[in-house]
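For reference, the structure is listed below as structure tokens.
Readers should treat all values here as calculations from the given coordinates under stated rules, not as data from a laboratory. Fair warning: this is a prediction, and the values are worked out from it, not measured in the lab. Cβ coordinates were reconstructed from backbone atoms using ideal geometry, including for glycine residues, and neighbour counts include every protein chain displayed.
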Amino acid sequence: MTAPTGTRRDPWIRRFHPTAHPPTAPVLVVLPHAGGNASFYFPFSRDLAAHAEVLTVQYPGRQERLGETGPDTVDGLVDGVERALLPWRERPVVLFGHSMGAVLAFELARRWERAGEGPRGLVLSGRRSPLAHREEAALHLQGDDALIGQLTALVGTDAGLLADPEFRELILPSLRSDYKAVETYRYEPGPPLRTAMSVLCGESDPRASVAEAMGWRELTGAAFTFRSFPGGHFYLAERHADVVRAVAEDLASFVPAPASG
């Protein structure tokens, strides 16, 4: 199947592995973590392409969008993603977000539900429930070393790259912008979602304990699934095959294949 008109050149969307799925097949939208880029999720696109049309979001300010200044609020980022997905809304969309991406996926689902129809499912990874608010240091207001130290601690970026001054200079603006967005985000109470939700987390994630991740259950009135995996904040790279299997199961649950015959 070809892409809907307007998506091929949209800077917000990367299609690493275009597939010929029927129109009834799910579209999996991958929303990266703070400071993350679309290429980090290339292996997930590759291994989930048999189950869905995979669209990976590329936020402004990184890789081929390096010269762009991106929004520094959750609402601003959701605005950009929502516009980019308009051509795909006739398809059954499933949102997958890791860390900051989980917040964006959740808020986009709320926005779509308020407008009428939400996504077919949510997969939220590596993020505590908005009901489990923490008072934490505002890293976006701190020096460059504090931000880089956070990345190093979470093992989300190669330590050798982080020691390279040129690489640091390239990633710091988008990293700071993303951290400002997620650190200034505050959940506005509202009705539970009507969208089915799957939550994944690392059992030793310092940013989201198992109990904090389980708290997402309170934010949907639909089906809820929870899985935890050995590992920290970037458990999804350490347990790649297990996470791919889990997301494939979620896709089949959210968007069942049409009955044959």
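Overview of results
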item	result
Sites A211 and E188, calculated FRET efficiency, Cβ-Cβ separation with R0 22 Å, nearest 0.05	0.45
Rounded, prolate or oblate (a/c below 1.5 giving rounded, otherwise prolate when a/b exceeds b/c) for the stretch 1-130 by Cα gyration tensor	rounded
All-pairs Cα distance distribution in the stretch 13-254, expressed in whole percent, bin size 10 Å	7, 34, 39, 17, 2
Shape category assigned to the stretch 79-127 from the gyration tensor of Cα positions, a/c cut at 1.5	prolate
Within the stretch 26-74, GluC sites (Glu not before Pro) in DSSP loop having at most 15 other beta-carbon neighbours inside 10 Å	E68
Leading residue at positive end of dipole, the chain (Cβ point charges), from G116, T184, A246	G116
Top positive-direction residue, dipole computed over the chain with Cβ charges, set Q150, F40, P11	P11
Most to least packed among 238-246, 119-127, 24-32, 211-219 [average Cβ atoms within 10 Å]	119-127, 24-32, 211-219, 238-246
Cα-based shape type of the stretch 180-261, given that a ≥ b ≥ c are square roots of the gyration tensor eigenvalues and the cut on a/c is 1.5	oblate
Extension gain, R9 back to S253 (0.36 nm per residue minus Cα-Cα distance, nm)	84.7 nm
Percent RCO, i.e. relative contact order, over the chain, from Cα pairs under 8 Å lying at least 6 residues apart	20 percent
Packing rank of 180-193, 37-50, where each peptide gets the mean count of other beta carbons within 10 Å, highest leading	37-50, 180-193
